[in-house]
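All remarks here apply to the structure that follows.
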Amino acid sequence: MIFSAAKLETRLMHATTNRDEEMCSISIGVDIGGTKTHLRGCSDQGTARDLIVPTSEWRSGACDDNIPGLIALVRRFAADATPNSIAIGSHGCDDDAECGLLQQQLSNHFACPLKVVNDAELLPVTMGFSSGIGVVAGTGSIAVARDDSGKMHVAGGWGWAIGDEGSAPGLMREAGRAVRLHIDLGGARTEPFVEALCETFGLTSPTNIGTSIAQEGSASALGRHAPVVFKAANAGSLLAKRVINEGASALAQLVHHLMLGGVHDKHVVVGGGVILAQPLLADAFSHEIASRFGATVAVTFLNRPPVLGACLMAQQLRTGGASTEGPIMPQHKDVQ
């Protein structure tokens, strides 16, 4: 059984925090995304705190290369309080072995129950489901779920250079490919998407779009240009609309891959900065899922911060999984 995310979020909306009340013991939830890291903690007395920092502030490269930075961040966040449980959803922990390794190494530094999952696994819990497929389309793209035996199944998450279709950088990569093919086939330079990409990168010729994409050098740097795809589509570019629809189809294919691997969940919970901010991508994804699976699969879009799911996991660790209401946790009360 899980905590009631709906009840907890309702309490969140109406909570007040006594800044002077000492938080002697706290449960800590951590959502490590490709762009930002969000920590939330709460005490049995009802006090709460939040901290949001750029992930690049403490992490570069693979998860296990940055353990000292993560330990320092959690300790900074806890301050004088003692963690009684910690649950972490981490971008980049893409299989059971990686999650287990990070969990074991962190457990050597914190004397409390501790759990590490992929950040996509936070999404169903955040929305109140005991299980489900988490799909993220933001700085990267991935789909994650557990089968009936608890084994982790992952599709996607390969990085923007060769994968992450439907993510912000993935859409930009495919935008460049679409423009290249359009020009090679004799398409007009005046196509709105071609002009939009040239303007975005400050180019006089579309032949340099590929070089400009490569020079961005990272997922976050390339992904920041993704709004141009949707702007061009809204301006009538059929080329941009095709890129969006193909990205949505690739995201739906990730769900299909999980089901082929033995996952049978009927709930798909979707999060990530690009798909939640762009209705064209969200609607195209919903259409793809409905076309492939009909009424057997339901799509839910995240409308709560995924760190809430991490907090619920942390509280379950502390209570041994018993169903109980969590303490009050107001949103976004930053800790410096």
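The values are calculated or read from the model by the stated rules, or taken from the named source; none is laboratory data. Predicted model, so just to flag it, every value in this text is computed and none were measured. All Cβ positions, glycine included, derive from the backbone under ideal geometry; neighbour counts span all protein chains shown. Each accessible area value is taken on the protein alone, full model and side chains, heavy atoms only, with ligands, DNA and RNA left out. Shrake-Rupley method; radii C 1.70, N 1.55, O 1.52, S 1.80 Å.
Assorted remarks:
- Helical contribution to [θ] at 222 nm, DSSP H n ≥ 4, -39,500 (n - 2.57), averaged over the chain, rounded to 500: -13000 deg cm²/dmol
- DSSP beta bridge pairing in the chain, given as percent antiparallel to the nearest 5: 50 percent
- Per residue, the stretch 94-182 exposes an accessible area of 39 Å² to a 1.4 Å probe, with every protein chain left in place.
- For HIS225, neighbours were defined as the other residues whose beta-carbon sits under 15 Å from its Cβ, and their charges (Lys and Arg +1, Asp and Glu -1) total -1.
- Residues with amide H under 5 Å from that of THR82, placed H, sequence gap 5 or more: SER25, ILE26
- Amide H contacts under 5 Å for GLY92, placed H, 5+ residues apart: ASP119
- Distance from the C-alpha centroid of the stretch 78-129 to that of the stretch 295-322: 13 Å, rounded to the whole angstrom.
- Rounded to the nearest 10 square angstrom, ARG180 shows an accessible area of 130 square angstrom against a 1.4 Å probe.
- Measuring only protein heavy atoms, the 1.4 Å probe finds GLU195 accessible over about 90 Å².
- The phi-based Karplus calculation (6.51 cos²θ - 1.76 cosθ + 1.60; θ = phi - 60°) puts the 3J(HN,Hα) values of the stretch 252-268 at 5, 5, 4, 4, 4, 4, 5, 5, 5, x, x, 8, 10, 5, 9, 9, 10 Hz, whole numbers, x for Gly and Pro.
- The stretch 259-290 and the stretch 25-39: distance between their alpha carbon centers, rounded to Å: 23 Å
- About the centre of its Cα atoms, the chain shows a dipole size close to 400 debye [charges on the beta carbon of Lys, Arg (+1) and Asp, Glu (-1) only; nearest 20 debye].
- For the set ASP283, ASP31, the ranking by accessible area, highest first and with no ligand, DNA or RNA atoms included, is ASP283, ASP31 under a 1.4 Å probe.
- Value of relative contact order over the stretch 110-220, rounded to a whole percent, pairs C-alpha under 8 Å and six or more apart: 17 percent
- Lysine pair count for the chain with Cα-Cα distance under 27 Å and sequence separation of 8 or more or different chains is 12.
- For the chain, averaging the sequence separation of C-alpha pairs within contact (under 8 Å, six or more residues apart) and dividing by the residue count gives a relative contact order of 28 percent.
- Heavy-atom accessible area ranking, 1.4 Å probe, most first, across TRP158, TRP58: TRP158, TRP58
- Solvent-accessible ranking of SER43, SER56, largest area first, probe 1.4 Å: SER56, SER43
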